[in-house]
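The values are calculated or read from the model by the stated rules, or taken from the named source; none is laboratory data. Please read all numbers here as calculations on a predicted model, not as lab measurements. In this analysis, Cβ positions are derived from the backbone assuming ideal geometry, glycine residues included, and neighbour counts consider all displayed protein chains. Keep in mind that these areas ignore ligands, DNA and RNA; they rest on the heavy atoms of the full protein, side chains included. Shrake-Rupley method; radii C 1.70, N 1.55, O 1.52, S 1.80 Å.
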There are 2 protein chains.
Amino acid sequence: MAHFELSELRDDFNRHLRTFLAHNSSHLQSISPALEPVGVALSEFILDSGKRLRPIFAYAGFVATGKTPDAPAMQAMASLELLQACALIHDDLMDRSETRRGKPAIHKRFESLHQERDFAGSATLFGDAAAILLGDLALVWADHMFHSAQCPVEQTLDAQRIHDEMRIELMAGQFLDVYEQGQRDHNTDRSLNIARYKSGKYTIERPLHFGAALAGESDELKKALSEFGLPLGEAFQLRDDLLGVFGDPSMTGKPAGDDLREGKRTVLISMTHEALSESERAHFFSLFGKTDLDSGEVDTLRAIISSSGADQRVEELISHLTSQCLSALDAEVFDARSREILTSLSAIATKRSA
Amino acid sequence: MAHFELSELRDDFNRHLRTFLAHNSSHLQSISPALEPVGVALSEFILDSGKRLRPIFAYAGFVATGKTPDAPAMQAMASLELLQACALIHDDLMDRSETRRGKPAIHKRFESLHQERDFAGSATLFGDAAAILLGDLALVWADHMFHSAQCPVEQTLDAQRIHDEMRIELMAGQFLDVYEQGQRDHNTDRSLNIARYKSGKYTIERPLHFGAALAGESDELKKALSEFGLPLGEAFQLRDDLLGVFGDPSMTGKPAGDDLREGKRTVLISMTHEALSESERAHFFSLFGKTDLDSGEVDTLRAIISSSGADQRVEELISHLTSQCLSALDAEVFDARSREILTSLSAIATKRSA
């Protein structure tokens, strides 16, 4: 891993994930053959797609110390992808999203299995229960993959502290997101705080710290990584919000305008709310969150957002946050190679396609 | 902790849980005041009741080594109660149970909060999402409580391996339980295997190992603890199944005959199925699993189970497993004090009231 080749890095993480998933799926089958679909579903969910963003940021945090990760460190960092699987599986269930990455969400997959095998009882409740448990198992497997990597003890214990904090922040951010959907007013500051916890910290800052801890970080480096990672993470979430409204389904793996159908409260929607007149608002919010929006209505909502200028304001905020994160790379603690890697990652996290 | 006083032991675990929950609830509030109900709900859920069974078995495993746990070890063992909170919160959601320990289940509690605060959107979906996330958070908090106890490194790493295995077995057992509800045939062996993973291992064997590992166990002791713990855990689950059908609501904290309304596939029901004639079966299963069973119908189902002799067969199996577990205490590796503690715990785990 002498150069920073993203595709090689992903291949390396995938190799670790494939080995772990194969081994642990067999273990499940040794408990009962009925667990076969659990191992298969989790393995496909994780291996068939995914950008490996959190392992990649952990890698960047590791190499920012000037060291190169060995196989145990790579395994520990790859485990973050299993944590992300938990977040996505539970998120899709909470949002009642039917698809993920262009395929049925886990609760839909197990609902279909119930129907295909002509099981007794409610297929929906079976699918829901399976998604709860597969998410839980993915969370536990993440831990097991990290622990069984057997990185040096001191680094493991330090990385574990960050890992715990990261997971608490993730669940807190997810709850705040759900809570926000219930609020009757819109508030950009609140939405930005959610973006900070859901993505700023969970997707970028903490993975950077996690990797740095595995390498035996310095506190000075950790601080510099926060100054880079937090604004970038917020920019990443804002980009994700734009893609949830304007993104191409072939790229996002979600139906067009899915966030509009879900009525997802984001910074983009809050800024739209701020910019609209009373009557425009009434029109917008009579459609926003309608679960059966047709493509004409999606286009109408998109047009209102664009004409309000909110998408432009979000773009400007992304640019502002991105330049803030890039300035943080001037810190002396970064060497030329780290700067190159982190710069290229900032472009990936905020680019205009999914 | 010179004597084995169960109530003192529970108080000690409760002190550790109270401190942890207070500290971590404040941390949530520092992220956002909107997280206040999360900390309150989890704290009440855990502190208001619960038998602390898994921490107590961990304690028994610890003292079986001849040592006495210090405060960090007690904190690590108390953390198992947070893991159990995750299991119960997610279990109630999957079963759509409305109460737990005589109070609203977490998803019902947050559904009510949504209604009381006149939030936007679906109160049911909000309650469900909150239960998913509070369960996830309890799982992560369990880890954090264990890790932050800062037990000696070698013992921590060894206990962690058991902890990972225990959580994988828990999720596997829970999935098998859900899967079983979908099967159209009844099978006592399958139900016994579920009891083994859901309870034999998760509630008793693994907590014993966890405690022993924290004390720096020997492999010989671990084996002896399995020979004691596995049959006891199965007996415990069988007792729980009987209580789910015949238990007194004031003791179980669940409505009378709740498992009959849920249509829960247990060893008891499978044995009832085996013992009934074709026409009796048709009558039984026309009522079993009916969500609106009235108290007369609950009595009818209870009477059929009793007249089939299945409850007696389950009682006999409990006795058989209990004497098997008690014989395991003859192993040389146990001293007189361990035998006394484990004997008294076996009585608690299989006694006839909840």
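Compare A:ARG184, B:ARG167, B:ARG302, B:ARG190 by solvent-accessible area with a 1.4 Å probe and give them largest first, with all protein chains kept in place.
I get A:ARG184, B:ARG190, B:ARG302, B:ARG167, largest accessible area first.
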If ligands, DNA and RNA are left out, what is the accessible area of B:GLU81 with a 1.4 Å probe, given in Å² to the nearest 10?
10 Å²
Once you place label points 7 Å from the Cα toward the Cβ at B:ASP118 and A:THR300, how far apart are they in nm?
2.8 nm
Based on the alpha-carbon gyration tensor of the range A:121-194, what equivalent-ellipsoid semi-axes (square roots of 5 times the eigenvalues) come out, in whole Å, largest first?
30, 24, 5
Given A:LYS264/B:LYS201; A:LYS103/A:LYS201; A:LYS223/A:LYS254; B:LYS198/B:LYS223; A:LYS264/B:LYS103, which pairs have Cα atoms separated by over 30 Å?
A:LYS264/B:LYS201; A:LYS223/A:LYS254; A:LYS264/B:LYS103
Ignoring ligands, DNA and RNA, what percent of the 1.4 Å accessible area of chain A is carbon and sulfur?
49 percent
For chain A, what relative contact order do you get, as a whole percent, if you take Cα pairs closer than 8 Å and at least 6 residues apart?
18 percent
Give the Cα extents of the range A:312-354 along the principal axes, in whole Å, largest first.
34, 19, 7
If you build the Cα gyration tensor of the range B:83-212 and take the root of 5 times each eigenvalue, what three semi-axes come out, in whole angstrom, biggest first?
30, 23, 10
Rounded to the nearest 20 debye, what is the charge dipole size of the range B:281-354 about its Cα centre when +1 sits on each Lys and Arg Cβ and -1 on each Asp and Glu Cβ?
60 debye
Would you list the membrane-span-like helices of chain B, meaning whole DSSP H runs whose alpha-carbon atoms span at least 27 Å along their axis and whose mean Kyte-Doolittle value is at least 0.5?
B:123-148
FRET E, pair A:SER307, A:LYS223, Förster distance 56 Å, beta-carbon r, rounded to 0.05:
0.85
At the level of C-alpha centres, the distance separating the range A:165-188 and the range A:1-47, in angstrom, is 30 Å
Surface/4 estimate of mean projected area, convex hull on alpha-carbon atoms of the range A:1-120, nm²
8.7 nm²
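Given a 1.4 Å probe and no ligands, DNA or RNA in the count, how much accessible surface is buried by B and A, both sides, to the nearest 100 Å²?
Chain pair B/A: roughly 5100 Å² of buried accessible area.
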Please report, for A:ALA303, the nm distances (one decimal) from its label point, 7 Å out from Cα along the beta-carbon direction, to the equivalent points in the remaining copies, shortest first.
7.0
Note the distances from B:ARG10 to each other copy's matching label point, with points 7 Å along the Cα-to-beta-carbon direction, in nm, sorted shortest first.
5.5
Under a point-charge model restricted to the Cβ atoms of Lys and Arg (+1) and Asp and Glu (-1), what is the dipole moment magnitude of chain B relative to its Cα centre, in debye to the nearest 20?
280 debye
Quick one: pull the percentage of alpha-carbon pairs in the range B:244-328 with a separation above 14 Å.
65 percent
Span from the the range B:197-244 Cα centroid across to the the range B:141-157 one, whole angstrom
21 Å
Per residue, how large is the accessible surface of the range B:28-177? Use a 1.4 angstrom probe and give square angstrom.
29 Å²
With all pairs of different alpha carbon atoms counted, what Kirkwood hydrodynamic radius in Å does the range A:53-154 show?
15.2 Å
With all protein chains present, calculate the accessible area of A:SER112 using a 1.4 Å probe and round the result to the nearest 10 Å².
40 Å²
Going by accessible area, probe 1.4 Å, with all protein chains left in place, what is the ranking of A:THR68, B:THR65, A:THR188, B:THR343, largest first?
A:THR68, B:THR343, B:THR65, A:THR188
Solvent-accessible ranking of B:GLU316, A:GLU278, B:GLU262, largest area first, probe 1.4 Å
A:GLU278, B:GLU316, B:GLU262
Would you kindly state how much longer the chain becomes between B:LYS103 and B:ARG161 on full extension, computed as 0.36 nm times their sequence separation minus their alpha carbon distance, in nm to one decimal?
17.4 nm
In Å², rounded to a whole number, the accessible area per residue of the range B:226-354 with probe 1.4 Å is 44 Å²
Leaving ligands, DNA and RNA out of it, work out the accessible area of B:SER250 with a 1.4 Å probe and give it in Å² to the nearest 10.
90 Å²
Provide a list, ordered by number, of residues in the range A:24-66 showing at least 30 Å² less accessible area with every protein chain present than when their chain is taken on its own, using a 1.4 Å probe.
A:HIS27, A:ILE31, A:ALA34, A:LEU35
Förster radius 35 Å - calculated FRET efficiency between B:ARG15 and A:HIS23 (Cβ-Cβ, nearest 0.05):
0.30
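Using the alpha carbons of the protein assembly as shown, what is the convex hull volume per residue in cubic angstrom, as a whole number?
Roughly 147 Å³ of hull volume per residue.
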Cα centroid distance between the range B:325-354 and the range A:276-354, in Å?
62 Å
Apply 1/(1 + (r/R0)^6) to the Cβ-Cβ distance of B:HIS283 and B:ASP48, taking R0 = 45 Å, and write down the FRET efficiency to the nearest 0.05.
0.65
Cβ-vector label at 7 Å, B:ARG101, separations to other copies in nm:
3.8
Starting from the Cα gyration tensor of chain B, take the square roots of the eigenvalues, sort them a ≥ b ≥ c, and report rounded, prolate or oblate (rounded when a/c is under 1.5, otherwise prolate if a/b is larger than b/c, else oblate).
oblate
